[in-house]
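Working notes, beginning with the structure itself.
Each value in this text was obtained by applying a stated rule to the coordinates, not by laboratory testing. This one's a predicted model, so the numbers in the text were calculated from it and none came from an experiment. Cβ sites come from the backbone with ideal geometry, for glycine too, and all protein chains shown count toward neighbours.
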Amino acid sequence: MKRFEQAPSSLDAFATTKLDALEAKNQRRCLVTSARAGAMSMHVDGGPELISFTDNDYLGLSTHPDVVEAAAAAAHRFGAGAGASRLVTGNHPLYTELEKRLARIKGTEDACVFGSGYLANVGIIPTLVGKNDLIIADELVHTCIHAGMQLSRATVRFFPHSEVTHVHDILKAERAKHSRVIIVVDGVYSMDGDIAPLKELGLLAADYDAWLMNDDAHALGTIGGGRGSAHACGAEGLVPLQMGTLSKAVGSYGGYLAASKPVTDLMRTRARPFIYTTGLPPAAVGAAVKALDLIEHDRALVTRPTMLAQRFAHAMGLPKPDTPIVPLVIGTEADALNASANLADVGFKVIAFRPPTVPEGTSRLRFSFSASHRDHDVERLIAACKKLGLGGIS
Ligand SMILES: *Cc1c(COP(=O)(O)O)cnc(C)c1O
């Protein structure tokens with residue numbers, strides 16, 4: 001094709017040089033084709049079957065027959081796509097049901113659904129704070145929160161991971177200089193699996209009239225009886241802005257903010273990534289409604305992933321996790337990639353996470369457990385890790 005040969009050479013040179021530099025640091029990323037075959041098994045690039053201990057489908061709901069059926073039924077009834085943004089004609093009837101259920105499960109007055117978790121964070125933050133305001137953020141918050149903070153143009157102060165006294169210091173020194181203040185944390189930190197100190201932060205926020213926001217991407221459906229981090233921490237009523245995603249334990253796609261009615265109404269009126277993007281495909285919304293049904297009513301389903309994570313961590317001599325996520329910090333990028341490749345050779349898919357997703361020198365395997373893992377999958381994983389010399393103190 002002639003046209004491609006005429007790409008400006010400076011453009012390709014830029015891209016190639018950039019990629020080569022990343023390659024040299026073992027930081028280049030490559031897509032592999034993952035054909036999921038059932039809840040937790042997959043074939044990568046057409047290779048042999050691997051059991052995945054790496055995805056965020058904590059309850060296996062993305063392949064649950066009732067959820068898949070609900071998605072299909074929604075598509076048949078309302079079409080493959082929404083056809084327009086929600087404020088135009090894309091607000092199909094399943095949205096109302098979904099938002100009602102989200103509010104119920106999170107214990108808030110209302111909920112507002114966005115196109116994805118990323119879009120939610122990019123929308124919520126700039127809608128609430130601007131140039132003369134302050135955001136106090138945990139240093140480990142998810143990348144899309146960083147994007148939202150930048151777009152807001154508010155002053156941003158980071159605090160060392162989960163150190164509430166630092167938040168207090170920042171509030172004491174700077175609260176008076178700003179009209180509105182948001183404190184933002186992840187409910188569960190995806191790379192470490194720990195839970196934010198929401199009760200302490202919530203009380204502090206109330207003292208200083210700051211608004212506490214948690215990103216519950218990894219917490220809805222997994223902790224607090226499935227209701228997320230505020231419930232797990234006994235901080236109900238202390239977190240007025242509960243954001244999250246429908247793409248992890250819920251097994252579908254989409255993001256949300258659970259909050260009071262005035263706040264969700266403001267989002268629907270002002271949040272750009274709400275207004276200027278097409279509504280979710282009806283199938284995604286139908287699937288999420290059904291999945292939330294299962295989360296609300298099946299207690300054993302919700303507790304199983306963390307139980308399996310604890311079993312694994314115990315056997316490996318690692319600290320006891322409170323969530324389905326168990327990090328095994330390896331160190332260098334090369335060593336982490338190597339450990340991941342070795343596990344793949346014996347039938348397990350466990351991704352090596354590297355900078356900039358995690359801090360330099362802390363490349364790691366991140367194991368995530370799902371209700372659809374069978375007991376013997378976990379036993380085999382433990383045996384394989386031990387044989388490879390991975391693990392903690394024991
Ligand atoms: C995955 C994730 C998101 C993004 O959610 P999507 O719906 O996948 O866009 C946001 N925050 C955290 C903490 C996440 O882990």
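Just a few scattered comments:
- Span-like helix ranges in the chain, DSSP H, alpha carbon extent 24 angstrom or more, Kyte mean at least 1.6: none
- Stretch gain in nm, segment Ala383-His314, where the contour uses 0.36 nm per residue and the Cα spacing is subtracted: 23.6 nm
- Applying the Karplus relation 6.51 cos²θ - 1.76 cosθ + 1.60 with θ = phi - 60° to segment 189-196 yields 3J(HN,Hα) values of 7, 5, 8, 10, x, 8, 9, 5 Hz, where x marks Gly and Pro.
- Sorted largest first, extent of segment 1-109 alpha carbons per principal axis (Å): 53, 41, 33
- Sparse-neighbourhood loop sites, chymotrypsin sites (Phe, Trp or Tyr not before Pro) in segment 1-72 - DSSP loop, at most 12 other Cβ within 10 angstrom: none
- Partners for Lys248 among lysines (Cα-Cα distance below 18 Å; same-chain residues under 8 apart left out): Lys106, Lys290, Lys349
- Take every Cα pair under 8 Å whose residues are at least 6 apart in sequence, average their separation, divide by the length of the chain, and the relative contact order is 22 percent.
- Extension gain for Ala341-Leu87 works out to 86.7 nm (0.36 nm per residue, less the C-alpha to C-alpha distance).
- Note on segment 67-297: Cα convex hull, mean projected area over all directions, 11.2 nm².
- In terms of Cα atoms, the Rg and Dmax of the chain work out to 21.6, 65 Å.
- For the pair His168 and His376 in one chain, pulling the backbone fully straight at 0.36 nm per residue adds 70.2 nm over the alpha carbon distance.
- Rounded if a/c under 1.5, otherwise prolate or oblate - segment 118-172, Cα gyration tensor axes: oblate
- Over segment 67-297, Cα pairs under 8 Å with separation of 6+ residues give a relative contact order of 32 percent.
- Once the Cβ-Cβ distance of Ala13 and Gln150 is raised to the sixth power relative to R0 = 25 Å, the FRET efficiency obtained is 0.30.
- Spin-label pair Gln27/Ala72, simplified geometry with 7 Å Cα→Cβ offset, distance in nm: 4.5 nm
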